[in-house]
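The values are calculated or read from the model by the stated rules, or taken from the named source; none is laboratory data. Just so we're clear, the structure is a prediction, and the values are computed from it rather than from any experiment. Please note: Cβ atoms are built from the backbone with ideal geometry, for glycine as well, and neighbour counts cover all protein chains shown. Only protein heavy atoms, including side chains, enter the accessible area calculation; ligands, DNA and RNA are left aside. Shrake-Rupley method; radii C 1.70, N 1.55, O 1.52, S 1.80 Å.
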Amino acid sequence: MINKKLNSVQEALQGIEDNMTIMLGGFGLCGIPENSIAELVKKGTTGLTCISNNAGVDDFGLGLLLQKRQIKKMISSYVGENAEFERQMLSSELDVELTPQGTLAEKCRAAQAGIPAFFTPAGFGTEVAEGKESREFNGKMHIMELAYKADFSIVKAWKGDEAGNLIFKGTARNFNACMAGAGKITIAEVEELLPVGSLDPNEIHIPGIMVQRIFKGEKFEKRIEQRTTRKRE
């Protein structure tokens, strides 16, 4: 069994250079690779194209990279919680490609599975379909979407072992699972890193064959994007 364990985030992110395309897992602020994003900020890597469901908030997640102008292009589905993102987009400082959420997930999963393209009805007849091939299936029009191409895929998992097998927890499974293996190199940061054989095979969400590097993250903040509570009765 190949040991894919690395001892630090610095080792794990070796090879990430300016102007690369990177996938980053997570849903809102849930399950985002916090340590890896912080290290990219420290490295000062610029000109990045980031594929992520959302763009974090102003002072956390991908918002930290946006503050430093390290992101050239964002490919996302939901970006409504980041004022700096809005400012950069409206001032044309940031190239933005908004994608229907299901389409974004499937473009990642297609890359993971080695499927170059697929047809979907989502977006037909809108700006999303401009310049794309369309075809009718079962009386309904579809547009062709290409799978993503990324240099690196960075995901965050609850548990992992030294062979790269991963288990996600709750909502953190969104986008992390379909991004693992979708880049040329997949990096996993985990809360708990265990020896091979420690995980129940029936509970593993992503097999180690899809992961090239794994390391144990530290001091996860796990912020809540929107806290909604009701008054006590």
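Annotations for the structure displayed:
- Per-atom-type breakdown for the chain gives carbon and sulfur 48% of the accessible area (1.4 Å probe, protein chains only).
- Accessible area of ASP151 in the full protein assembly, 1.4 Å probe (Å², nearest 10): 40
- Point-to-point label distance, THR46-ASN3, nm (Cα→Cβ direction, 7 Å offset): 3.9
- Left without a cysteine partner by the 4.7 Å Cβ rule in the chain: CYS30, CYS50.
- Per-peptide average of other Cβ atoms within 10 Å, ordering 17-27, 175-185, 77-87 highest first: 175-185, 17-27, 77-87
- Among LEU48, LEU66, LEU199, residue whose mean-square fluctuation peaks in a GNM of the chain (springs only between Cα atoms under 10 Å): LEU199
- Calculated accessible area for the chain comes out at 51 Å² per residue, all protein chains present (probe 1.4 Å; ligands, DNA, RNA ignored).
- Two-site FRET efficiency, THR229 against GLU192, from Cβ-Cβ distance with R₀ of 25 Å, rounded to 0.05: 0.30
- Only DSSP H runs of four or more residues enter the estimate; each adds -39500 (n - 2.57), and after division by the residues of the chain the mean residue ellipticity at 222 nm equals -5000 deg cm²/dmol.
- Using only the C-alpha atoms, the convex hull of segment 100-180 corresponds to 119 Å³ per residue.
- Of the GluC sites (Glu not before Pro) found in segment 109-196, those in coil by DSSP whose Cβ has at most 15 other Cβ atoms within 10 Å are GLU130, GLU133.
- For the chain, size of Cβ-based charge dipole, Lys and Arg +1, Asp and Glu -1, in debye: 320
- The Cα atoms of segment 2-123 give a gyration tensor whose axes a ≥ b ≥ c have a/c of 1.5 or more with a/b no greater than b/c, which makes the shape oblate.
- With the charge dipole of segment 133-226 set up from +1 on Lys and Arg Cβ and -1 on Asp and Glu Cβ about the Cα centre, the Cα lying farthest toward the positive end among the listed residues HIS205, GLY160, PHE137 is that of PHE137.
- The spacing between segment 150-225 and segment 120-148, judged by their C-alpha centroids, is 32 Å.
- Estimated inter-spin distance, GLN10 and ILE115, nm [label 7 Å along Cα→Cβ]: 4.2
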